[in-house]
Amino acid sequence: MSAIIFIFQLILAVILLPFHILYYLGIWGLVLKKAFPLFFSKVIISYNKEMKEHKKTLFSNLSIFGSSKELRLLEIGCGTGANFEFYPKGCRVTCLDINLNFKQFLSKSLAESDHLKFDGFLVASADNMTSVADASMDVVVCTPLVCSVPNTLAVLKEAKRVLKPGFPTSHHLF
């Protein structure tokens, strides 16, 4: 049995050798930053089909702001803009992602979301959003991100900092 395990370990080591070499040369991070947005843009299509009804329910909470108020929304970890279709008409969206390569994939989502006003794309870490002014946003949206950041508490503190005061915490989406 131990011989079979050794053979599988050897096969796995050979398969992973190119990744180890790229990592050792400092190239793996660059490859990953470019490849991940492309991979994510393909996967998110089926994910959104599965989650459509759940997202509709989740984002229906944005109606508390009413249609007379222009809603300022910050989406951190925006990725490809997969949530855009669920935001209310006239909503002003600012996107923030640590990976600049996601910006090129936003154009498709923006073209399909003419009900939104796009305020821009910011390249920053979610735990250090100094490019977003204090108390400047009505809502902060963060869907598939908090589980993958090194400091979740720092992300939540930053989200709280950029939110406008005056609304109960339950009205802000995280």
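All of the numbers you see were taken from the coordinates with simple rules; none came from a lab. Keep in mind it's a predicted model, so treat the numbers as computed, not measured. Cβ placement follows ideal geometry from the backbone for every residue including glycine, while neighbour counts extend to all protein chains displayed.
Phi-derived couplings, Karplus 6.51 cos²θ - 1.76 cosθ + 1.60 at θ = phi - 60°, listed residue by residue for the stretch 148-156: 10, 9, x, 9, 4, 4, 5, 5, 5 Hz, with x used for Gly and Pro.
Around the amide H of L122, modelled in the peptide plane, lie the amide H atoms of C95, L96, D97, all under 5 Å away and 5 or more residues distant in sequence or on another chain. Taking each of K42/K160; K56/K89; K42/K103; K103/K164; K108/K164 in turn, the alpha-carbon distance tops 21 angstrom for K42/K160; K103/K164; K108/K164. Here's how it looks for V149: its modeled amide H is under 5 Å from none belonging to a residue 5 or more places away or on a different chain.
Computed over neighbours whose Cβ is under 15 Å from that of F102, the net charge equals +3, Lys and Arg +1, Asp and Glu -1. The magnitude of the dipole of the chain, with charges of +1 and -1 set on the Cβ of Lys/Arg and Asp/Glu and taken from the Cα centre, is near 120 debye. Here the Karplus curve 6.51 cos²θ - 1.76 cosθ + 1.60, taken at θ = phi - 60°, turns the phi angles of the stretch 103-117 into couplings of 4, 5, 7, 5, 4, 5, 5, 5, 5, 8, 10, 6, 7, 9, 10 Hz, with x standing for Gly and Pro.
With contacts defined as alpha carbon pairs under 8 Å and 6 or more residues apart, what's the relative contact order of the chain in percent? About 19 percent, as a whole number. Our coupling estimate for the stretch 131-139, obtained by passing each phi through the Karplus curve with A = 6.51, B = -1.76, C = 1.60 and θ = phi - 60°, is 6, 10, 5, 4, 6, 9, 10, 7, 9 Hz, Gly and Pro reported as x. The calculated pair-distance distribution of the stretch 54-171 uses every alpha carbon pair, bins of 5 angstrom beginning at 0, and gives 2, 11, 23, 26, 22, 13, 3, 0 percent.
Excluding V132 itself, what net charge comes from residues whose Cβ is under 15 Å from its Cβ, given Lys and Arg +1 and Asp and Glu -1?
-1
When the Cα positions of G120, V162, F36 are compared along the charge dipole of the chain, G120 comes out farthest toward the positive end, with charges on each C-beta of Lys, Arg, Asp and Glu.
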